[in-house]
Amino acid sequence: MDLLIKNCVHAGYGKVVDIGVSNGRVVAIGSLNPRADTVVDARGCLVLESFVIPHLHLCKAYTLDVVGLEAVKLYRDNHMSNSSKSVEYAAKVKKHYTVDWVLNNARRALDECWKHGVTHIRAFGDVDSQAGLEAVKALLKLKQQYRDRILVQVVAFPQQGLFTDPDSFELLWKAMELGCDVVGGIPWLEKTEEEMEKHVKHVFDVAAAFDRDVAMLTDDAGNPDLRTTEMLCVETLRRGWVGRVAACHARALGLYPPERIERLAALMRGAGVSLVSSPHTGSLWAPIKQLIQSGVNVALGQDDINDAYYPFGRGKMLEVAFLAAHLLNMMGPGDMEALIKMVTVNAAEAIGLKSHRLEPGSPASFVILPCRTLLEALAHQPDPVYVVANGQLHELGCSKI
Ligand SMILES: [Zn+2]
């Protein structure tokens, strides 16, 4: 074997095990004594699947100084009823967009994420009349530079809408030609329901032309009349894109009556549409517990790091899960497991990685944390001592076992 981790607590197995890695994959879990090139004694520490960020506005990281806290207030106030205005307000950051400017900010964010055990990120890069293609060009460069540690999926994201910013139609296509991995959308921002539906259809047209997955920001305002999550599911089924689509935010669902959520959950389940929620970045959020109970794949995203929508954030998914535990009132039996899943395996599934599980046969991407239990991991949010990224061992050395 290439790597043998001895004496770690595997939460799923509920006991101390050894983990063997060969050719980038987990090949055995149990009581093992094979020859290995590298042997690490984890001394009873917790091992988890590595952290996955299924939604991050990476091109905006560390831009709060440019727009100020007024932007954050505008997004959150009045039960999120001004959020479309805040998108316009926040756009002033984009006059600074050059490849190098975005690159420096985004690199700083990726270094933070890595320190906290993140190995996969779905990164949204704005493409619109103000941002041009600068953001996605920067993110595509970073994707190459970080590929040995963090696998970055770049989403071409028309942040200002399509019909509300018509240059974005062509820019979205060009961004996909540059090599973006995922087609993004934001249909709820359009002015009429008809344009919202056309927006969804157009994004799928692009996805079909390039054979790419889809990730859209849906219903991100305090308005129960919004129904772009539903439109997204209907189009997913119509195009045969089942299992390849994620809805991010969907905050208006928090205002839907329970029976309407039940119907939408059945639609999401049938379309294999994941929900990526970030309750900490707004004052309203989707009813996550009800959606989980209804069998929808729900994940948590970091969403923002120090930008016009959220002043905090450091790419630490244990912190995101900790905040969610409070906001969603998830502190009962089974909740620690559910919270951790939403930042590891569920987050991976939301970005199309179905085999991100710490079990034999899966790609070896996991973290060793200096604690014993999931509850301790959430309570203290320790940084990992070791990260195994695609079979390669990295000693971070920030914390000691
Ligand atoms: Zn977002």
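The values are calculated or read from the model by the stated rules, or taken from the named source; none is laboratory data. Remember, predicted model here, so these are calculated numbers, not experimental data. Cβ coordinates were reconstructed from backbone atoms using ideal geometry, including for glycine residues, and neighbour counts include every protein chain displayed.
What the table shows:
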| read-out | value |
| --- | --- |
| Residue match in segment 296-303 (condition: touching a residue at least 12 places away in the same chain (Cβ under 8 Å), in contact with a Gly (Cβ under 7 Å, 6 or more places away or on another chain) and within 15 Å of the ligand (Cβ to nearest atom)) | yes |
| Any hit, segment 209-216, residues being touching a residue at least 60 places away in the same chain (Cβ under 8 Å) and surrounded by fewer than 24 Cβ atoms within 10 Å (Cβ to Cβ) | yes |
| Enumeration of residues in segment 129-152 that are surrounded by fewer than 22 Cβ atoms within 10 Å (Cβ to Cβ) and assigned to a strand (DSSP E or B) | Gly132, Leu151 |
| Search result, residues across segment 18-53 that are among the hydroxyl-bearing types (Ser, Thr, Tyr) and farther than 13 Å from Gly391 by Cα | Ser31 |
| Candidate set: segment 266-285, residues that are part of a strand (DSSP E or B), of a type in the set (A, V, I, L, M, F, W, C) and within 16 Å of the ligand (Cβ to nearest atom); chosen: the one nearest to the chain's Cα centre (by Cα) | Val276 |
| Filter pass, Gly240 being within 22 Å of Leu74 (Cβ to Cβ), out of contact with any Lys or Arg (no Cβ under 9 Å at 6 or more places or on another chain) and more than 15 Å from the ligand (Cβ to nearest atom) | no |
| Residues (away from the ligand (no atom under 16 Å from the Cβ), outside any helix (DSSP H, G or I) and either under 20 Å from the mean Cα position of the chain (by Cα) or under 12 Å from Pro158 (Cβ atoms) (or both)) located in segment 184-220 | Glu190, Arg212, Asp213 |
| Long-range neighbours under 9 Å by Cβ, at least six apart or interchain, first residue in contact (Cβ under 8 Å) with a residue 60 or more places away in the chain and hydrophobic (A, V, I, L, M, F, W, C) within segment 235-250, second in a loop (DSSP other than H, G, I, E, B) and within 16 Å of the ligand (Cβ to nearest atom) | Ala246/Ile351; Cys248/Asp220; Cys248/Ser278; Cys248/Gly301 |
| Odd one out for Lys289 among (1) closer than 30 Å to Leu69 by Cβ; (2) more than 16 Å from the ligand (Cβ to nearest atom); (3) part of a helix (DSSP H, G or I); (4) not aliphatic (A, V, I, L, M) | (1) |
| Ile340 closer than 19 Å to Ala379 by Cα, touching a Leu at 6+ places or on another chain (Cβ under 8 Å) and touching a residue at least 24 places away in the same chain (Cβ under 8 Å) | yes |
| Residue that is surrounded by the most Cβ atoms within 10 Å (Cβ to Cβ), among those in segment 243-265 that are charged (D, E, K, R) and more than 16 Å from the ligand (Cβ to nearest atom) | Arg244 |
| Test for Met176: is it over 27 Å from Arg76 (Cβ atoms), modelled with pLDDT of 95 or more and either within 16 Å of the ligand (Cβ to nearest atom) or hydrophobic (A, V, I, L, M, F, W, C) (or both) | yes |
| So Lys95, is it over 30 Å from Leu393 (Cα atoms) and within 17 Å of the chain's Cα centre (by Cα) | no |
| Selected residue [of a type in the set (Val, Ile, Thr) and either more than 16 Å from the chain's Cα centre (by Cα) or assigned to a helix (DSSP H, G or I) (or both)] from Ile305, Ile340 | Ile340 |
| Given (1) away from the ligand (no atom under 16 Å from the Cβ); (2) surrounded by fewer than 22 Cβ atoms within 10 Å (Cβ to Cβ); (3) touching a residue at least 40 places away in the same chain (Cβ under 8 Å), index of the condition Leu110 fails | (2) |
| Matching residues, segment 246-267, being touching a Phe, Trp or Tyr at 6+ places or on another chain (Cβ under 9 Å) and closer than 14 Å to Val296 by Cβ | Cys248, Ala250, Leu253, Leu264 |
| Subset of segment 18-45 (residues that are in contact (Cβ under 8 Å) with a residue 24 or more places away in the chain and touching a Ser or Thr at 6+ places or on another chain (Cβ under 8 Å)) | Arg25, Val26 |
| Among residues of segment 25-56, those that are among the hydrophobic types (A, V, I, L, M, F, W, C), closer than 17 Å to Asp383 by Cα and in contact with a Cys (Cβ under 9 Å, 6 or more places away or on another chain), counted | 6 |
| Criterion: in a strand (DSSP E or B), over 29 Å from the mean Cα position of the chain (by Cα) and over 20 Å from Leu396 (Cα atoms) - qualifying residue of Val40, Val26, Val16 | Val16 |
